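None of the figures in this text is laboratory data; all of them are computed from the coordinates on show. Quick caveat: nothing in here was measured; it's all calculated off a predicted structure. Heads up, the Cβs are rebuilt from the backbone with ideal geometry, glycines too, and the neighbour counts pull from every protein chain shown.
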Amino acid sequence: MPGWVERVSIPADRAVFQSILRSIGKAMHARSNARTVFNQEVLRIHFEETHFATMGRGSRVVAAHQPGQDVFKSVLSEDINWKPFAAFPPSVRLAVIVGQPSEASPYTIRVRVPRGVKLMPHRHPEDRVYTVISGVFYIGLGDQFNPDKLEAYPPGSVVVLPGNTSHFHWAKSSEYVTQVTAIGPLGLEYVSSNDDPRNRNS
């Protein structure tokens, strides 16, 4: 028995003596558990130090980069390559900033809509986050174009649009530019096929 319980005066009352023995047993058990927990923690720390030290010597696994994000770069406004997009009215322009919208991966695009142009009700399968870069961004929700449902968002605004939500736009007061961040592939389906420029061009 450990030194800290080597000498115990046995009381005359047997019940008191048994109670003392139980208390000693509980104390020894708690001490044993504490030692076990301490040893487990030491082993965990040792494993982590060894594991990460090994990783630091060249075994570290690096996650694959997303398309267009494997090197450091910047995109300036004057370097943006605006192009027509078949699903938009002819005067609307789209530019791919980062990634490949046609792939199942993150992408960032910008859309420039001249003043007076309307984008009729449509939906995208992917969740989208819009950031208004310039102008006033008007967006309304619903399957029918309704000017009364349009909400105006000034530059700097961020708009979250869940996938498969019918919506429409109108560059009501000026040209606007929005930046869209999402996970592709990019999709666009008009509520009415008659509003789809791709059908008129076919």
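Just one of (1) out of contact with any Phe, Trp or Tyr (no Cβ under 9 Å at 6 or more places or on another chain); (2) without any contact (Cβ under 8 Å) to a residue 40 or more places away in the chain; (3) part of a loop (DSSP other than H, G, I, E, B) fails for Pro155. It is (1).
Could you list all residues from region 125-152 that are in a strand (DSSP E or B) and either touching a Phe, Trp or Tyr at 6+ places or on another chain (Cβ under 6 Å) or not hydroxyl-bearing (Ser, Thr, Tyr) (or both)?
In the first step, residues of region 125-152 are kept if they are in a strand (DSSP E or B); the result is 128-134, 137-141, 151-152.
Arg128, Val129, Val132, Ile133, Phe137, Tyr138, Ile139, Gly140, Leu141, Glu151, Ala152, listed by residue number.
For region 92-109, does any single residue satisfy the condition of being more than 26 Å from Leu150 (Cβ to Cβ), among the aliphatic types (A, V, I, L, M) and in contact with a His (Cβ under 9 Å, 6 or more places away or on another chain)? No, that holds for no residue. Is region 165-172 home to any residue that is over 30 Å from His65 (Cβ atoms), of a type in the set (A, V, I, L, M) and in contact with a helix residue (DSSP H, G or I) (Cβ under 7 Å, 6 or more places away or on another chain)? Within region 165-172, not a single residue is over 30 Å from His65 (Cβ atoms), of a type in the set (A, V, I, L, M) and in contact with a helix residue (DSSP H, G or I) (Cβ under 7 Å, 6 or more places away or on another chain).
Would you be able to say whether some residue in region 75-91 is touching a residue at least 40 places away in the same chain (Cβ under 8 Å), closer than 24 Å to Gly140 by Cβ and among the aliphatic types (A, V, I, L, M)? Yes, region 75-91 contains a residue that is touching a residue at least 40 places away in the same chain (Cβ under 8 Å), closer than 24 Å to Gly140 by Cβ and among the aliphatic types (A, V, I, L, M). Looking across region 104-146 at every residue that is among the charged types (D, E, K, R) and surrounded by 15 or more Cβ atoms within 10 Å (Cβ to Cβ), the one that is farthest from the chain's Cα centre (by Cα) is identified as Lys118.
If we scan region 174-182, do we find a residue that is surrounded by 14 or more Cβ atoms within 10 Å (Cβ to Cβ), within 18 Å of Phe88 (Cβ to Cβ) and free of Cβ contacts under 8 Å to residues at least 40 places away in the same chain? The answer is no; no qualifying residue exists.
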